[in-house]
Amino acid sequence: MSVQDVAVQKAAPPPTPTLRPRRWVAALQSLVLPLLAIITALIASSVFIIISDTELLALWRDFFAAPSIALTASAEKLRAAYSALLTGGLGDPVRIWEGLRTWLATGDNTAFIASLEGIDRTLVYSTPYIFAGLAVALGFRCGLFNIGAEGQLFVGALASAYIGYSIKGLPMIIHLPLALAAGAAAGAVWSAIAGVLKAYTGAHEVVTTIMLNYVAFRLSDYLLTGPMKRSGFNPVTPPVEPSAWLPKLAPDPLRFHAGFFLALAVAYFVYWFLWKTTWGFEIRTVGANPNAAKYAGMSVARNYIIAMGVSGALAGLAGTNEILGVNHFMAQAFSSGYGFDSIALALLGKSHPLGVVLASLLWGFLRAGATRMQSAAGIPIDIVQIVQGMVIVFVAAPALVRMIWRARFLEEEAETIFTRGWGA
Amino acid sequence: MAPVLELRGITKRFPGVLANDHVDFTLEEGEIHALLGENGAGKTTLMNILYGLYTPDEGEIYVRGKKAEIHSPADAIDMGIGMVHQHFMLVPVMTVTENIVLGAEPTRFGPFLNLREAAEHIRELSRTYGLEVDPDAYIRELPVGVQQRVEILKLLYRKADILILDEPTAVLTPQEVEELFEVIRSLVARGNSVIFITHKLKEVMTIADRVTVLRQGRVVGTTTPAETNEQELAAMMVGREVSLVVDKAPAQPGDVVLTVEDLHVLDDRGEPAVRGVSLEVRAGEILGIAGVQGNGQTELVEAITGLRPPLHGHIRIKGMETTWATPRRFFETGAAHVPEDRQRDGLVLSYPVRDNLVLNTYYKPPFAMGFLIKEKPIEENATRLVQEFDIRTPDIYTPVSNLSGGNQQKVIVAREFSRPIDLLVASQPTRGLDVGSIEYIHRRLVEKRDQGCAVLLVSSELDEIMALSDRIAVMYEGQIMAVLPAEATTREQLGLLMAGVRPETLSQPVETVEES
Amino acid sequence: MTPTTFDWTTFRHTHLRRERVLGVVYLLMGLLIWFLFFPSVEPGAQAKFGLNLVTAVKPPPLPDLVVPARGTILLVGLISAFIGGYQLARGFRDPQALMGVVLILFFVAFIVWATAGKSFNLTGMLASTLLRATPIAFGALSGIWCERTAVINIGIEGMMLSAAFTSVVVASAVHSLWWGLVAAMITGGILGFVLAVLAIRFRVDQIIAGTAINIFAVGLTSFLSSSWLSVRQDLNAAGNFKPIPIPVLAKIPIVGPIFFNVNIIIYLMIGLVILTHIVLFYTRWGLRMRAVGEHPKAADTLGINVYFMRYVSVTVGGVIAGLGGAYFTLGSVGRFDEAMTAGKGFIGLAAMIFGKWTPIGGFIASLIFGLADALQVKMAIMSVPIPSEFLLMAPYLVTIIVLSGVVGRAEPPAADGQPYVKE
């Protein structure tokens, strides 16, 4: 056995896309690591929750004088925080039960509907995550790290908002698809710039997409304060025509809209595209081994551009979804960093559409819960980003999780290559 | 007197493999001890243990009679052990001096390098041992033969006296091998001891004082060249009688399939690598391209297969112009390509066997309808080929990274040979494989030839070229030195041609086959 | 045998063609200068360039540099056209290098055009170039330390941001800028070490590890600044380092006020550029760093501890990024704002690439980026007829152009980004 062969033997198989009956066990097993990663991250972030509270910190200063005070106070803080997270993300079971009883008893469903706000938020928040997470995941599959989803989101939002408010009197059946297509196309074009640069000059997509992010932000600054500005004081666009809205599927005050189902459909489309078409086969081959792809007669450059374009279209849809489904106009602060969060989602979902959907639901839940944590327990919403940073680390470093949990039972898993160095 | 080096009961396990199984080995002072075994027998693993790159699971090492704990190369260097690795351990963008002093740098005023002093010392060393090299040259500009001298100088600079040479002749011409043997003899004459790792029987017979044969991680026996012969060593090495020749009937050449005319190709650095090559391969014959690695063979094959656009000249397959063809167009003319580096180019290691078997035909019926992938035909194809080509894999869904080198190569061979093809370009098709797989692939190649396929075989193994080819083209510095009929050619002639000696200056006139 | 009908002069011609193209490009640049800038300038308008800093009093003030705008543009365009013409007719030995000259000419024409009829403080802009280049240069140096041992550090941005935060908090808490600086270095060093552990011990994909550090840093600093700094404003008031004039040198006209009357962090940056250059190319440590970055296995077989080299170098890289972070706060505004690094860490990486992984090259590249940034501010003030948002894009666009290798490709260290697996 030569050295090379031994090294190869040690690298275990990455998950095969086609799930065969006996692979379900493996599939379930592959959930263990992400779950442990999330749990670890949540535990670790408890520390930050405690140190963020200056009163608690004061108690800890007197820890040696009165340890129980500091401990109980911290435990109380964490309990409050995490119950806020749960009720914020899923709803308060007591309220739901009461609401349901009132509805059944009196036929008045307002209380019930209001009690569903938590779950409504979770679904609404998770929708852009699904789109953006798919964008990054598709890039990973082609060996590209599209870190510029945020910028693509912005140009997608701008384009769809423009189509949404500037064209009037169209029937919805034309206007809505048109606005969606505009958002996707704008995102695609924006990211294809990075794809073209990568393909023909070798400029690394990580830096170019980040730079394109800043350019997109400045561009939107310019458009929102100039050509696309609504008359009035605020730098926002005119309202989008209702004919371009993504139809709302739940009564007020809930905000659940058709975007969620669109996202699920797009997730299935991405799965189909990657594993059931020759284009997807090429993209995955280029991602797994560009040299072999070239040998087999595929154009590496063309696939970089296609993958980057599709990825950007998905990111553009994430922005479009927010404009047409939630805000109905474009403002500078419309995105709360979906583009950056999507990196964690793609990693957590192992770059598989189903995984991305599950991860996005979790993220939507965290975000919805964190909003409530902020209002109810006074914990800044940025905690989500801290959790995120840690989740990325833990998912990318299975060995670390294994070490923390002393989980020897977890099989050595394939360490998928996500990115390459600066070279071609 | 205690031997200078003794290994006792060395055992090393890798996941799923027992690389060394209670290996005993002794090296006497001033001897050249060959360690013989085929690819994968555990020779390199054993030496990496000795050099501190691996830790053994069991066993002890004694250096000059004392028990030695070797945990890192630094420990080994301290004990006077030095190793020239099969793949050179040189930094291409640094100079000879920088490479040699690395890790043992002379300094002045504290941390500052004193390279001038080092260069002086290196000049002295190279004079003493007859290892000519310019200390200020950059490694990337040096030919491999010179690079090997640098590697040896690295050991001498560290005053190593137990020298391990891992397959040192793989990259050399027969003449350079002779020179290397001279150097080794002069090293031993000065009191050094040498372990010479190889899988080539001839070299053992020429240079070794003693030889230890390794098979599947175990020591089969130790003997001296005087007490044995090549046949016996081969049997020890492989564990059964091996025929050292490939059975084949005389070739029956048909029409010209591949024509290359005055081809010029640049390498990655933009330097000319192929300089005016013309050749023809006919249906039903094997044209072997012999030559030391790095003389333009890689670039020639890449140009023919569409991976590298040529600068000038023409390539035609069955009369069709394919000079600027893409790899896809190359395949679609009915040609096949077994690439030089199977893991880099030929396979997607993370893909299952099934997908690797359609890597370049996935877009065509029956595997695809338009842009839709058809899974069923792909799986049927895989099941059939796994059986037909005897690919040892648990199932067709197993990633090829889990297969052994021989089976990985069989995947490529199955994919390329199972299509109807008229031209086969095979580059180093048996590199790093065990004897069983080598025999299998040789058989398949001859079989393809007999079916009327034109075969262009590139190999740096002279034995392989001589055993398989019907005609042999020798390549040196980007040019074809001569094209010779295989049966009338000797190793010596080929060796001289590979070293750049012009055919017309050879003492024995060589019959050259002129291109029309 | 094998007649070579192919003559190498044909080959030279294909190369010549590229050289011709360059000649044409230079010629066109000359024409472009005329077309773009000449017509919109009033005849007789003058461009006035101030050569004194507004703050500078002591050195005898230099007279303003006044040039006729149209004439200068005409002249500069002519020179560019001449270079192109000469390249076409005779050919320069190194036509690629002239790209730089032509770009400078274009830049001069642009400034003269923008200044026509107004006045423009040239020394002021150059001084602000250095200020704006400083964090970028720290980023580039940090990247060089990491990548010369083959660890990609894309987390420089996050390291800077975290260090900017801790430096302000510590400096405000103990009322000492120096302790703030130390805190910044420690923060950067810790994050550098974390990156090293992730990349080396756990073999995490390095770009992903760096991204995690970035996201984590943004989250943590925003989290802590909204939970602490919003309550305790006194923790976000550190003040800043004042410029220290170096005797004699500071009195040199133009150069003096730009380079020798700056604050300690900028001196540190210049010192680090020189130090890194010496370490990398003249010391034992540097030789080993380069070997580890190019061919870790070769270094390993010679008894060099690859992992140790990487741990130390990446941690040092983190410390340097930390200093860069301190520049944002202690070196300029004296307080912390969320996301205040604004991508400078990434631009630093681009500067590193542009500078071909060398400290001096990286520094020069940083100056170019700094210039783009400084110019953008000046132009906005001078109300040039370009929307300010577009001027703000300039540094980012320049980065993209530079990365696309328009100005020549560079080779990274051969093992860059690959974990070293010791069997």
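Where a number appears in this text, it was derived from the coordinates with a stated rule and is not lab data. Remember, predicted model here, so these are calculated numbers, not experimental data. Glycine also receives a Cβ, built like all others from the backbone with ideal geometry; neighbour counts cover every protein chain displayed.
Given a Förster distance of 51 Å, report the FRET efficiency between B:A488 and C:F308 from their Cβ-Cβ distance, rounded to the nearest 0.05.
That gives a FRET efficiency of 0.30.
With labels modelled as points extended 7 Å from the Cα through the Cβ direction, what inter-label distance (nm, one decimal) is found for C:L88 paired with B:H87?
So the label points at C:L88 and B:H87 sit 5.0 nm apart.
Go through region C:328-416 and name the trypsin sites (Lys or Arg not before Pro) that are in a DSSP coil and have 16 or fewer other Cβ atoms within 10 Å of their Cβ.
Counting only loop positions with at most 16 other Cβ atoms within 10 Å, the trypsin sites (Lys or Arg not before Pro) in region C:328-416 are C:K356, C:R409.
On a full-extension model of 0.36 nm per residue, what is the gain between C:S383 and C:E42, subtracting their alpha-carbon distance, rounded to one decimal in nm?
Working it through step by step, the gained length comes to 121.1 nm.
Between B:R344 and B:V183, 0.36 nm times their residue separation minus their Cα-Cα distance comes to what?
Going from the current span to full extension adds 54.5 nm.
Separation between the A:V47 and C:S230 pseudo-spin-labels, each 7 Å from Cα along Cα→Cβ, expressed in nm?
Using points 7 Å along Cα→Cβ, the separation is 2.4 nm.
Tell me, which longest segment in chain B has none of the chymotrypsin sites (Phe, Trp or Tyr not before Pro) that fall in DSSP loops with at most 12 further Cβ atoms within 10 Å?
Result for the longest clean stretch: B:110-323.
Can you give the FRET efficiency to the nearest 0.05 for C:I274 and B:Q293, using r as the Cβ-Cβ distance and R₀ = 41 Å?
Efficiency, rounded to the nearest 0.05: 0.40.
Give the order of C:C146, B:C453 when sorted by the count of other beta carbons within 10 angstrom, beginning with the fewest.
B:C453, C:C146
Label B:Q451 and A:T201 with points 7 Å out from Cα along Cα→Cβ: what is the distance between them in nm?
That separation, rounded to one decimal, is 4.8 nm.
Order by neighbour count: A:Y200, A:Y82, A:Y162, fewest other Cβ atoms within 10 Å first, most last.
A:Y200, A:Y82, A:Y162
Place a point 7 Å from the Cα of A:L264 along the Cα-to-Cβ direction; which residues of region A:285-328 have their backbone N under 19 Å from it?
Only A:318, A:321-322, A:325-326 fall inside the zone, counting backbone N under 19 Å.
Within region B:68-102, find all residues whose amide N lies under 18 Å from a label point positioned 7 Å from the Cα of B:R8 along Cα-to-beta-carbon.
Answer for region B:68-102: B:68-70.
Between A:S83 and B:R419, what's the calculated FRET efficiency when r is the beta-carbon distance and R0 is 51 Å? Round to 0.05.
0.20
Using Cα centres only, tell me the gap between region B:384-446 and region B:68-116 in whole Å.
40
Among DSSP beta bridges whose residues both lie in chain C, state the antiparallel percentage, nearest 5.
Restricted to chain C, the bridges split so that about 65 percent are antiparallel.
Within 10 Å, at most 10 other Cβ atoms, and a DSSP state outside H, G, I, E, B define an exposed site. Report the longest part of chain A free of exposed trypsin sites (Lys or Arg not before Pro).
With trypsin sites (Lys or Arg not before Pro) excluded where exposed in loops, chain A gives A:169-405 as its longest stretch.
What length, rounded to one decimal in nm, is gained on full extension from A:R101 through to A:A376, with 0.36 nm per residue of separation minus their alpha-carbon distance?
Value of the extension gain: 96.4 nm.
Which GluC sites (Glu not before Pro) from region B:384-478 combine a DSSP loop assignment with at most 12 other Cβ atoms within 10 Å?
none
Round to a whole angstrom and tell me the spacing of the C-alpha centers of region A:31-76 and region A:190-253.
Cα centres, region A:31-76 to region A:190-253: 39 Å.
With a cut-off of at most 13 other beta carbons within 10 Å, and DSSP calling the residue loop, which GluC sites (Glu not before Pro) in region B:69-164 qualify? Please list them.
Answer by residue number: B:E69, B:E132.
Quick one: what do you get for the protein assembly as shown if you divide its Cα Rg by 2.2 N^0.38 Å?
This ratio for the protein assembly as shown stands at 1.01.
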